[in-house]
Structure formats: C-alpha cells, structure tokens
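One structure is given here, and the rest of the page talks about it.
The values are calculated or read from the model by the stated rules, or taken from the named source; none is laboratory data. Since we're looking at a predicted model, the values are computed, not measured. Glycine also receives a Cβ, built like all others from the backbone with ideal geometry; neighbour counts cover every protein chain displayed.
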Amino acid sequence: MVGCRRPQFVLFGSSVIQMSFNVGGWGAILADLYARKADVLLRGYSGWNTRMALQVLDKLFPKDEPVQPSLVILYFGGNDATKPHPSGIGSHVPLPEYIQNMKTMIAHIKGLSDETRVICLTSPPVNEARIREVFGNALDDQARTNEGCCLYSEKLVELCKEMDVEAIDLWTAIQEKDDWADTCFIDGIHLSSEGSQIVAREILKVLKRVDWEPSLYWLKTPSDFPDDSPYYVVGPDGKTTVNVSNHICSWQRGWLDI
C-alpha cells in the first residue's frame with residue numbers, strides 16, 4: 001500500500017477478468033479513467049470455476065484487513081457452464097451448485113465492510129462456430145454453448161436481485177450489437193476490444209445510476225492532489241498555471257456520454 005490511499009476496485013474472476021487488461025480491454029479502460037481516482041486491482045485466474053474461487057476467497061478477501069475494497073467486480077460462470085466431461089473432472093459445475101457458490105462469494109464480499117459494493121458480471125455469449133475454427137474439436141467433450149451461458153446468466157441475475165446486488169447481463173448486452181458474433185471475440189470466447197467496450201460501458205452505466213455514497217462514478221470520484229500549483233504548465237495569460245488534475249484526455253471523451 002502506497003501512502004496516498006484511494007478507493008480500491010478489485011476485479012475477481014476467471015479469464016474474462018484476467019484478460020481485461022489486454023490492449024483495449026475493459027479493465028484497462030477502467031484503470032485509465034480512474035488513473036488519479038482509484039486503484040484497479042486485477043485478480044483474474046484463467047480457467048477457474050466457482051469451486052476454485054471459493055478455495056481462495058478468504059485469502060483474497062480477508063475480513064480482518066484494515067482497508068477493504070470499495071468495489072468488487074465479480075465474474076464466474078463461463079467455465080462452470082461448460083458441458084460435463086465424461087471423466088467427472090474438469091471445469092463444469094452444476095447450475096444449483098454454481099448459484100450456491102456465487103451466493104457464498106457475494107455474501108462474503110458484501111460482509112467485508114458497509115461500503116464494499118459488488119457488481120456481478122454474467123457469462124457473455126459465445127460464438128460456437130468461431131470456437132470450432134480456433135480450437136477444432138478439442139473442446140467437444142466439454143463444450144461451451146450459447147444456450148448454457150444463457151441459462152447460467154439468467155440464474156445469476158435472479159440471485160443478484162434476491163441479494164440486492166448489481167448484475168450486468170453480458171449475455172444480453174453483447175448480443176444487442178448487430179455483428180456481435182464477428183466483432184466481440186478474439187476466439188469465440190474471450191472478448192475483443194469491441195466486446196470490452198460494451199463491458200466497460202455497462203459498468204459505467206451502473207456506477208452512474210446507483211445512489212451509492214460515496215459515488216464511485218469516475219466523473220464524481222475526486223482526484224488525488226487536486227490543488228493548484230505554480231509548477232504546472234503556464235497558461236495562455238502568462239501569469240497562471242493550468243491545473244490538469246481533472247483533465248479529460250481526448251481518448252476519454254467518448255466515455256462522457258453514458
């Protein structure tokens with residue numbers, strides 16, 4: 001922990017989380033927008049399901065830490081929803097167990113502090129034809145299907161309503177883009193920059209809409225060290241300096257209209 005304490009946003013989940021800091025990834029977008037406002041911490045583990053997540057939950061989110069995250073963005077489901085492997089091992093988790101595992105994780109994270117917020121991301125859709133192009137028939141006996149992702153997504157949204165936490169239905173949001181199957185994935189499963197922009201936008205919509213106190217929306221979150229200084233660049237009048245602590249860069253302006 002560095003001396004200047006900011007809100008912590010923890011991204012916890014499987015490959016949709018781990019790969020969110022790829023070039024153009026939605027985690028990288030959030031880190032850029034919150035560059036002087038919050039620390040975006042990546043805790044992504046490709047290949048994991050909810051069983052594996054529960055094994056490390058107390059290690060990643062110990063309840064006795066003096067500083068707890070302000071926001072946890074939680075994603076598991078795509079691996080859980082895969083077809084059961086004949087061997088009995090593998091990433092598949094039956095739907096009732098998946099929901100119970102998510103319930104346990106959400107309750108644990110909500111209990112970290114009165115100001116720890118949770119946003120759950122559901123499983124995105126998949127492009128089954130593209131998966132076959134990239135992986136051949138290697139995953140046929142543990143296939144990931146759009147139908148399976150839909151079912152797990154729907155049940156997670158229902159759970160989040162019951163537990164009064166925010167859910168983002170990525171399965172639906174991504175498919176609202178006309179050419180989603182061709183543009184939103186790099187391999188039929190993992191998100192491209194176009195897919196990541198949808199995820200980032202949906203997260204920002206939630207953060208803008210909710211009435212959390214303090215607000216975690218990027219335009220309302222205070223910047224570190226916002227004071228004027230004579231050491232900034234001198235402005236056009238030649239007498240004063242330009243305070244850039246809240247400057248919005250040209251590439252960030254597309255995120256103003258949420």
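The table for this structure:
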{"read-out": "Which numbered condition residue 202 fails, given (1) of a type in the set (D, E, K, R); (2) crowded, with 17+ Cβ neighbours inside 10 Å; (3) in a loop (DSSP other than H, G, I, E, B)", "value": "(3)"}
{"read-out": "Residue identified as at pLDDT 95 or above and of a type in the set (Val, Ile, Thr) among 23, 16, 2", "value": "16"}
{"read-out": "So residue 189, is it modelled with pLDDT of 95 or more, under 22 Å from residue 29 (Cα atoms), touching a Gly at 6+ places or on another chain (Cβ under 8 Å) and not in a loop (DSSP other than H, G, I, E, B)", "value": "no"}
{"read-out": "Some residue of the stretch 154-170 being under 21 Å from residue 192 (Cβ atoms), outside any strand (DSSP E or B) and out of contact with any helix residue (DSSP H, G or I) (no Cβ under 6 Å at 6 or more places or on another chain)", "value": "yes"}
{"read-out": "Within the stretch 113-153, considering residues that are among the aliphatic types (A, V, I, L, M) and in a helix (DSSP H, G or I), the one surrounded by the fewest Cβ atoms within 10 Å (Cβ to Cβ)", "value": "129"}
{"read-out": "Residues located in the stretch 240-258, provided they are among the small types (Gly, Ala, Ser) and assigned to a helix (DSSP H, G or I)", "value": "250, 254"}
{"read-out": "Given (1) under 24 Å from residue 217 (Cα atoms); (2) touching a residue at least 60 places away in the same chain (Cβ under 8 Å), index of the condition residue 120 fails", "value": "(2)"}
{"read-out": "Enumeration of residues in the stretch 78-89 that are out of contact with any Lys or Arg (no Cβ under 9 Å at 6 or more places or on another chain) and touching a residue at least 24 places away in the same chain (Cβ under 8 Å)", "value": "84, 85, 86"}
{"read-out": "Residue ranges of helices (runs of 4 or more DSSP H) in the stretch 1-108 with at least 2 members among the polar types (S, T, N, Q) and out of contact with any Leu (no Cβ under 9 Å at 6 or more places or on another chain)", "value": "50-60"}
{"read-out": "Number of positions in the stretch 1-53 that are touching a strand residue (DSSP E or B) at 6+ places or on another chain (Cβ under 8 Å), without any contact (Cβ under 8 Å) to a residue 40 or more places away in the chain and aliphatic (A, V, I, L, M)", "value": "4"}
{"read-out": "Verdict on residue 136 being over 27 Å from residue 71 (Cα atoms), of a type outside the set (Val, Ile, Thr) and in contact (Cβ under 8 Å) with a residue 60 or more places away in the chain", "value": "no"}
{"read-out": "Test: residue 239 is surrounded by 11 or more Cβ atoms within 10 Å (Cβ to Cβ) and over 18 Å from the mean Cα position of the chain (by Cα)", "value": "no"}
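Residue-by-condition table, conditions (1) under 20 Å from residue 30 (Cβ atoms); (2) surrounded by 14 or more Cβ atoms within 10 Å (Cβ to Cβ); (3) within 23 Å of the chain's Cα centre (by Cα):
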site: 197; (1), (2), (3): yes, yes, yes
site: 209; (1), (2), (3): yes, no, yes
site: 228; (1), (2), (3): no, no, no
site: 234; (1), (2), (3): no, no, no
